[in-house]
1. Considering (1) surrounded by fewer than 21 Cβ atoms within 10 Å (Cβ to Cβ); (2) farther than 24 Å from Phe204 by Cα; (3) within 16 Å of the ligand (Cβ to nearest atom); (4) not basic (Lys, Arg), say which one His92 fails and leave the rest.
2. Quick check on my filter: what residues within segment 27-66 are of a type in the set (Gly, Ala, Ser) and in contact with a strand residue (DSSP E or B) (Cβ under 9 Å, 6 or more places away or on another chain)?
3. Inspect all residues belonging to segment 278-301 and state whether any of them is touching a residue at least 40 places away in the same chain (Cβ under 8 Å) and touching a His at 6+ places or on another chain (Cβ under 6 Å).
4. From the list Val31, Val20, which residue is part of a loop (DSSP other than H, G, I, E, B), over 23 Å from Arg156 (Cα atoms) and among the aliphatic types (A, V, I, L, M)?
5. For Pro55, which of the numbered conditions (1) modelled with pLDDT of 95 or more; (2) assigned to a loop (DSSP other than H, G, I, E, B); (3) within 16 Å of the ligand (Cβ to nearest atom) fails to hold?
6. From the list Ala46, Ala87, Ala13, which residue is touching a residue at least 12 places away in the same chain (Cβ under 8 Å) and not in a loop (DSSP other than H, G, I, E, B)?
7. Given the condition touching a Lys or Arg at 6+ places or on another chain (Cβ under 7 Å), at pLDDT 95 or above and closer than 20 Å to Leu325 by Cα, answer yes or no: does some residue in segment 5-23 qualify?
8. Only one residue in Gly250, Gly245, Gly228 is of a type in the set (Gly, Ala, Ser), in contact with a His (Cβ under 9 Å, 6 or more places away or on another chain) and either surrounded by 16 or more Cβ atoms within 10 Å (Cβ to Cβ) or part of a helix (DSSP H, G or I) (or both). Which one?
Amino acid sequence: MLVVRPITPQDYAALYTCAVESGHGFTSLPVDEALLRRRIARAQEAFAREQVSEPGEEGYLFVMEDTDTGEVVGCSGIEAAVGLTDAFYHYHIGKVVHHSKELDIYNALETLTLCNDYTGVSELCTLFLREPFRKNMNGRVLSRFRMLFMAEFRNRFSDIAIAEMRGVSDENGESPFWGWLQQNFFSMDFTQADYLTGIGEKTFVYELMPKLPIYVQLLPPEAQAVIGQVHDNTRPALRMLQSEGFRCRGYIDIFDAGPTVEAEVSNIKSVRESKRLPVVIGEVAKDKPRFIVCNTKVAEFRAIQAQLSDEHDHVIIDAEAAAALRVQDGDYVRFVTLTGAN
Ligand SMILES: NC(=[NH2+])NCCC[C@H](N)C(=O)O
């Protein structure tokens, strides 16, 4: 069975494999031993913190494990609040109108303005599922269980959640948006800049990034064309988040121009539709629908996909699911349907 659980130091090698397999453009999983070990240590601290009244430095990182083989098949994370100890950047797409009444000339232009508008919001991040396991709705589970975690532990997260979607780049790591930045401002290639931000080295961004608003129309056409566009591999993830209610509000990545999508946590579909009920362990009929189900613990958090029977004042799950979730009769679980529109 595939079980989502908090990452532990023993998962280091598996996380490293995910970092290697995720390739370039995947900022939050750089192939860097010190950083990956730090991520694990930060996650351990976050899960160990019992009383959290407001989101802070916590970086939750989970792995999905095949409990039959002990193999880690993917990872997924939530940052409680970004940009509290360093600056967190976006370009905001704005509009200016140059208008002359006298000459009867009207031009509406788009601008890009460097900003830190998402400071303090929660971020869904670091989702990677290894290729052989991209089936049986595992990807949906590995993304959407996070909505259940946020719903269950509301005060650990901000009112707003974002996800930065990977922008357009080719198989050599060349990004059309980065091209003009590289040429005029950065003098380094995309993979290097991306790697530096991934390891938390961001002062060069402030030092080198154009800080004055930029007229989009003055950018080369190939850079304009990818503003707000996602990498082909990211399309399913974007669709999934859109069906949860996430929308792009005009914020894009400063390097590859990929869209950042945003939602009010309380409005996320899986947060709204999730239910929390006590468990009765028993027989579940074969024709019952599948759900994402999690327990209600932090350090001992577990999430799985399973069939269950919703009896309105309790749910019936089978013994195998109960064991995987580490719950007993009377313990609460939170769950949301896995099939359906999503
Ligand atoms: N694709 C990138 N590496 N972009 C740079 C990092 C952007 C991110 N919002 C941050 O400030 O950390």
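The values are calculated or read from the model by the stated rules, or taken from the named source; none is laboratory data. For clarity, every value in this text was computed on a predicted model and none was experimentally measured. Reconstructed Cβ throughout: ideal geometry from the backbone, glycine too, with neighbour counts over all protein chains shown.
1. (2)
2. Of the residues in segment 27-66, the ones of a type in the set (Gly, Ala, Ser) are 28, 34, 41, 43, 46, 48, 53, 56, 59.
If the condition is that a residue be of a type in the set (Gly, Ala, Ser) and in contact with a strand residue (DSSP E or B) (Cβ under 9 Å, 6 or more places away or on another chain), then Ser28, Ala43, Ala46, Gly59 are the ones that fit.
3. yes
4. Numbers: Val20 fails: part of a loop (DSSP other than H, G, I, E, B).
Going through Val31, Val20 in turn, just one is part of a loop (DSSP other than H, G, I, E, B), over 23 Å from Arg156 (Cα atoms) and among the aliphatic types (A, V, I, L, M): Val31.
5. Failed condition: (3).
6. After ruling out the rest, the residue left standing is Ala46.
7. Yes, segment 5-23 contains at least one residue that is touching a Lys or Arg at 6+ places or on another chain (Cβ under 7 Å), at pLDDT 95 or above and closer than 20 Å to Leu325 by Cα.
8. Answer to the check: Gly250.
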